[in-house]
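Taken together, the values in this text are just the output of simple stated rules run on the coordinates, not laboratory data. Note that the structure is predicted; figures quoted are calculated from it, not measured. Cβ placement follows ideal geometry from the backbone for every residue including glycine, while neighbour counts extend to all protein chains displayed.
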Amino acid sequence: MSRAGNNYYHTLQVHYQAPQAEIKLAYRKLVKKFHPDCNHDLNNHDQISAINIAYEILSNPQTRASYDQSMGLSTKVSKNSNTSNVSTVVKKRSQGLDEDGKLDLWLTQVYEPIIEILNQILDNLDDQIDQLADDPFDQDLLDNFQEYIQNCRNAFNYAQILFRKMPNPASAAGVAAYLYHCLNQVGDGIEELNYFTLNFDDHHLHTGQELWRIADEMRSYAFDAVRNLSR
């Protein structure tokens, strides 16, 4: 426990040198413990608010460092790297090609791989939510859902790399715009779904679903725009 007494570390019941992963786990356990769906007999609004505020500060390394400094704490946090190494990237090979050749190259090297990734992400959400709905507080089901979100994040990060590696030809500007907006919605949706696994607030779940519904529309618009192109 923190040597500074009743502070944010005390609220989350962790040591002031706890790694970020431990803080996240402690937050999840406390939210589950005091959530109204799990504890109907207590009015836990103040407790939940305190837990959320503490986690908001301690989950961000920058705000945590500032807080530690204000409390006179010297924090040495071990960091776990979860960097996804991408073995292959899209290379610029459009020099010397005419406009049709550039379009074909962009569609095969950028558009089609991104659409495949988006299909994997967007088309599986309903099944994942149905599985989690059996018992949102079941640790195994929650772990599976979090693994799904992490897989989506990894795939999303790779899609962003693909999108940025090759500029779209002018004739595909509309397609690229739809892809751009689609990816933005997917990224925001991933974060909302992740927040849901931390605090079990259905608002985040519904927001994530709505963002992915919009992303699905953008994906359809991109598909229609490609069909209207003359390859």
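Computed FRET efficiency, Cβ-Cβ of Arg213 and Leu97, R0 41 Å: what is it to the nearest 0.05?
0.65
Lys and Arg at +1, Asp and Glu at -1: add these up for the other residues within a Cβ distance under 14 Å of Leu25 and post the number.
After counting each charged neighbour, the total is +3.
Just name one of Thr108, Asn119, Ala159: the one whose Cα is farthest towards the positive end of the charge dipole of the range 93-231 (beta-carbon charges, Lys/Arg +1, Asp/Glu -1).
Thr108
Taking the Cα centre of the range 149-223 as the origin and placing charges on Cβ (Lys, Arg +1; Asp, Glu -1), which of Val186, His204, Ala173 is farthest toward the positive end of the dipole?
Among Val186, His204, Ala173, the one farthest towards the positive end of the dipole of the range 149-223 is Ala173.
Step through the residues of the range 55-69 one at a time and calculate ³J(HN,Hα) from phi using the Karplus curve (6.51 cos²θ - 1.76 cosθ + 1.60, θ = phi - 60°), rounding each to whole Hz and writing x for Gly and Pro.
5, 4, 6, 7, 7, 9, x, 6, 5, 5, 4, 5, 5, 4, 5
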